[in-house]
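The values are calculated or read from the model by the stated rules, or taken from the named source; none is laboratory data. This is a predicted model, so every value here is computed, not measured. All Cβ positions, even for glycine, are placed from backbone atoms using ideal geometry, and neighbour counts span all protein chains on display. SASA here: full protein model, heavy atoms, side chains in, ligands and nucleic acids out. Shrake-Rupley method; radii C 1.70, N 1.55, O 1.52, S 1.80 Å.
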Amino acid sequence: MEETEVSNANKKLTKTLIRGRTHQYQPQVLHHSNQFGSYYENHQYHSYYYPPALLPLPPTLPLQFALTPPSPYNRISRSKTHFYNPPFATPSDAQLPVDTISPAALEGLQLPFKENGGKRASTTSATTKAMVVARRPDSGGIEGLVIPLLANHFHVQFDPSQRIFHYNVEMSPNPSKEVARMIKRKLVEDNPVVLSRALPAYDGRKNLYSPVEFQNDKLEFFISLPIPSTKLLSLGEFCDSNEKRQQLKLFRVNVKLVSKFDGKELSRYLSKEGDDWIPIPQDYLHALDVVLRESSTDKCFSVGRSLYSSSMGGAKEIGGGAVGLRGFFQSLRPTQQGLALNVDFSVTAFHESIGVIPYLQKCIESLRDLPQKKTRGLIGEERKEVEKALKNVRVFVCHRETVQRYRVFGLTEEATENLWFPDRDGKNLRLVSYFKDHYNYDIQFRSLPCLQISRSKPCYLPMELCIICEGQKFMGKLSDDQTARILKMGCQRPKERKNIIDGVMLGSVGPTSGNQEREFKLNISREMTRLSGRVLQPPKLRLGDGGHVRILVPSRHDRQWNLLDSHVFEGTKIERWALISFGGTADQKSNIPRFINKLSQRCEQLGIFLNKDTIISPQFESTQVLNNVSLLESKLKKIHVASANNLQLLICVMEKKHKGYADLKRIAETGVGVLSQCCLYHNLGKLSSQFLANLALKINAKVGGCTVALYNSLASQTPRLLHSDEPVIFMGADVTHPHPLDDFSPSVAAVVGSMNWPAANKYVSRMRSQKHRQEIIQDLGEMVGELLDDFQQEVKKLPKRIIFFRDGVSETQFYKVLQEELQAIREACSRYPSYRPPITFAVVQKRHHTRLFPHENDSSHSQNQFSDENIPPGTVVDTVVTHPREFDFYLCSHWGVKGTSRPTHYHVLWDESHFTSDELQKLIYNLCYTYVRCTKPVSLVPPAYYAHLAAYRGRLYLERSESMSSSRDSSTVCRSTPPKATPLPKLRENLKKLMFYC
């Protein structure tokens, strides 16, 4: 009946074994949380594989070098084999890996350009260089007030002459990453002489790095671990626990020398010696990264680049069967100061380790009373909810002593009481009788299905006898309450966050807690990097004032301004609008007339005209209408027809957040062709001035107005490059991917472009669905072409420059995205005769872990006064912690109200306009004041921000079809290939030029 994950090389070792205990069935264990214990301090249980490259992929070699065979220096031509094993062992037949040029280095052969952005060159030319990522144009900017800062980067000094010996490790049978680390530890402990008394670093897979060479190039070991090797196939094949208790699992380990390298190339790269095209030596950098993670990985368990330990504050329940756990992020980076270890505080959600029955009680509201109603089965949608909650979750059983772990693939069709299975002799046994006869246990929840723990054959486990394994990252979508609790756990003011990070560097589980620093001749600073930042001055703004222009300089410390005495820069007139309500109590509905009146008044105060009379009386519908797509569509169309198909705005008031929101947006914008603005009833109680103002700003932007404009145009602030009579288009692009557990839904790409110059504060969008989890924007050329057409219609000229901001790209994808998407932009331009505008292509990153802290200076009382404040808006850093060669900088354009501010990282990959650091930094900072939804600078340059919103809107359009596909395919455990992307429904023509996505 059972199929263990330990089968075929013990893919997941149990945490129970590591902690040196087994579980005997105890009834109470199913009703109380099994708290995270000392296991987190000592062992890694759960990990995910991420590619080793942590940095931007290097520019490719020139063709003549890229085609040259690799040097034999890093090859092992002849190897001796040392058998450290019993005489019956047989040598491994695995081949010795040979160094090759990396795929990243060869990608450039597909799309070579001249360095000056000239015409496409022939791929046969041996003298043409491939694309080279933009280099820093100067030594950094000089504008702004200089302030002292600290960054959570810790300088790492290395000995360039220190050689590292890279060994390939093959283990058979193939173990899980956790078991592999156990094997490595035992191998090192038992064979000090053969390994030259080295303490090598291991990545848990195939790479082993040693500071000294082993006695032989090829080694073979046999390692025994107390892991059961019996593969249990069905209930009838259970073995007695006493028979298995002392069994050992034998692993064969082959260790072969792959290459030898030192740090001289990395040292030259960091010191900026040599040609620009020389790529960063990833082999040495990756080796050091593994070395610096070695000690922490042995004491914690890892998820991606982060490590978690209960020593950092333990687990905290966040509801829904999930707990939050604290940890730290760690990554080695090349910077202007040399190598630096980026360490940051981290929090994430994990499955709570409790019995499956109490877990379901916490996850699914309708099952809260399950223990009181043991005879009930799953009704309605409950089965789908249970399957979704448990799918791919690992469990262990508590009715017998075992170290096995099982992955849940689904639920049985039949209830537990109706399940039968054949024993070894082919005799059919009833499952409930089997447990009574063999374990003297009466199954209580007989009407529930069993857990199916095999993809291919019947292998059943009763839910009540299963416990969720610890250390599993919660992959489901967190609820609003869960998200709020996780955010609260990770929300530390700068001083507290800095103290936590300093504690990691000095603590017992951090990167300096082991012997690797001494072994590999490293010197890691225990102090954060000191550096200087510059605070840029805010721009003058233009607001409206009864038809006149009012000038404003945001002078508050948070750079926020108010509209109490002024109007929006461009207000709209909304004559024909309607209101529809979904749900709400009688008292709440009675607030609607007051809400309409107050909103109209607030709009008038802001210079926006909103008719006090709706075109038809407010419509009150049940919340259930949001569950019925066809009924919802008919209601919206009825309102639209009543307005003679000329409805400017539809305000929708909802009782609470509802999944029907996605249907409403899709129907309104692609079916009916009307702008909509949603709000919740609980905000209509007090009707605060701030709430009404926020609503008014969003409505105004959607209908075609704008909140603010720069007093000094972008052209006048960058006169060397930008001119009023030479329009520039700002574009933003983003791709949103489906949920991690979703293995078939398409990704959605969005591109936006500014449609006015020189104000550059109104943006039109284009959206497309594309292949599941594809990061490169598939239809970028087509979308850019449409935006250029729209720009030409609005401005009567094609843009003289294109400034393109790409969001959502990780550093390992920089070069590939630049290659393919820059070419797509150029191809879109080539549709116009002789049109080749200079293109600036910059990646915008919010998901990074560099944090900047005010540096406390005892001689500065004013600085100490704000030691726990965030860095001020306009803070820019482009030295010390930035890339040693490429054009990047950190800009914190907003004021951090909660927690610690996260500066946005801008990395310029291509720049044919040749911006200086000051010019581009000031341009981006000024743009951050033009965001239409608020009266303060935002953290992200608006084109990228709008692209993110538009991509999210495209995701909403697909939600209904995704959920329908999900229900159809619920019986399918996995897909070999995702289906073709479902195309997005087409936007109605009357909305295409409006910012409906705001």
Is it the case that some residue within segment 632-641 is more than 40 Å from the chain's Cα centre (by Cα) and either β-branched (Val, Ile, Thr) or at positive phi (or both)? yes
Kindly check whether there is at least one residue in segment 903-919 that is open to solvent by less than 10 Å² (accessible area, probe 1.4 Å), in a helix (DSSP H, G or I) and either at pLDDT 95 or above or out of contact with any Phe, Trp or Tyr (no Cβ under 7 Å at 6 or more places or on another chain) (or both). yes
Tally the residues that are among the charged types (D, E, K, R), touching a residue at least 40 places away in the same chain (Cβ under 8 Å) and in contact with a strand residue (DSSP E or B) (Cβ under 7 Å, 6 or more places away or on another chain), restricting the search to segment 404-462. 4
From SER745, SER769, SER765, SER716, which residue is among the hydroxyl-bearing types (Ser, Thr, Tyr), in a helix (DSSP H, G or I) and over 22 Å from ALA134 (Cβ atoms)? SER716
Regarding VAL752, is this residue assigned to a strand (DSSP E or B) and under 30 Å from GLU387 (Cα atoms)? no
Which condition number in (1) of a type in the set (S, T, N, Q); (2) under 33 Å from the mean Cα position of the chain (by Cα); (3) modelled with pLDDT of 95 or more is the one that GLN690 fails? (3)
Here are some conditions: (1) modelled with pLDDT of 95 or more; (2) surrounded by fewer than 21 Cβ atoms within 10 Å (Cβ to Cβ). GLU414 meets all but one. Which one does it not meet? (1)
Which residues, taken from segment 457-476, are under 22 Å from THR416 (Cα atoms), at pLDDT 90 or above and not in a strand (DSSP E or B)? PRO462, MET463, GLU464, LEU465
When residues of segment 815-834 are filtered for being touching a Phe, Trp or Tyr at 6+ places or on another chain (Cβ under 7 Å) and part of a loop (DSSP other than H, G, I, E, B), how many remain? 0
Search result, residues across segment 769-803 that are touching a Gly at 6+ places or on another chain (Cβ under 8 Å) and closer than 30 Å to SER331 by Cβ: GLU775
Taking segment 139-167 and keeping only residues that are hydroxyl-bearing (Ser, Thr, Tyr) and either part of a loop (DSSP other than H, G, I, E, B) or not assigned by the TED database to the domain that holds PRO494 (or both), one is left with SER139, SER161
Going through (1) surrounded by fewer than 20 Cβ atoms within 10 Å (Cβ to Cβ); (2) touching a residue at least 12 places away in the same chain (Cβ under 8 Å); (3) basic (Lys, Arg) one by one, ARG768 fails only at (1)
Within segment 168-212, can you find the residues that are without any contact (Cβ under 8 Å) to a residue 60 or more places away in the chain, in a loop (DSSP other than H, G, I, E, B) and not basic (Lys, Arg)? PRO192, VAL193, LEU195, SER196, PRO200, VAL212
Which residues, taken from segment 920-933, are part of a loop (DSSP other than H, G, I, E, B) and open to solvent by 10 Å² or more (accessible area, probe 1.4 Å)? ARG933
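Table: residues versus (1) modelled with pLDDT of 70 or more; (2) in the same structural domain as LEU451 (by the TED database); (3) of a type in the set (Gly, Ala, Ser).
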| residue | (1), (2), (3) |
| --- | --- |
| ASP217 | yes, no, no |
| GLY236 | no, no, yes |
| ASN254 | yes, no, no |
| SER259 | yes, no, yes |
Which residues, counting only those in segment 361-418, are of a type in the set (Gly, Ala, Ser), assigned to a loop (DSSP other than H, G, I, E, B) and farther than 26 Å from ASP437 by Cα? GLY380
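Yes/no per residue for (1) open to solvent by 10 Å² or more (accessible area, probe 1.4 Å); (2) in a strand (DSSP E or B); (3) closer than 18 Å to PHE582 by Cα:
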position: LEU632; (1), (2), (3): no, no, yes
position: LYS638; (1), (2), (3): yes, no, yes
position: VAL641; (1), (2), (3): yes, no, no
position: LEU650; (1), (2), (3): no, yes, yes
position: ALA662; (1), (2), (3): no, no, yes
position: GLU669; (1), (2), (3): no, no, no
position: LYS686; (1), (2), (3): yes, no, no
position: PHE691; (1), (2), (3): yes, no, no
Only residues that are closer than 22 Å to GLN537 by Cα and either out of contact with any strand residue (DSSP E or B) (no Cβ under 6 Å at 6 or more places or on another chain) or free of Cβ contacts under 8 Å to residues at least 24 places away in the same chain (or both): list them for segment 149-162, please. none
In segment 776-798, what residues are out of contact with any strand residue (DSSP E or B) (no Cβ under 6 Å at 6 or more places or on another chain) and assigned to a loop (DSSP other than H, G, I, E, B)? ILE776, LYS796, LYS797, LEU798
Being surrounded by fewer than 24 Cβ atoms within 10 Å (Cβ to Cβ) and within 27 Å of the chain's Cα centre (by Cα): is that true of LEU741 here? yes
Scan segment 275-300 for residues that are outside any loop (DSSP other than H, G, I, E, B), in contact with a Leu (Cβ under 7 Å, 6 or more places away or on another chain) and farther than 16 Å from TYR167 by Cα and jot them down. LEU292, SER296, THR297
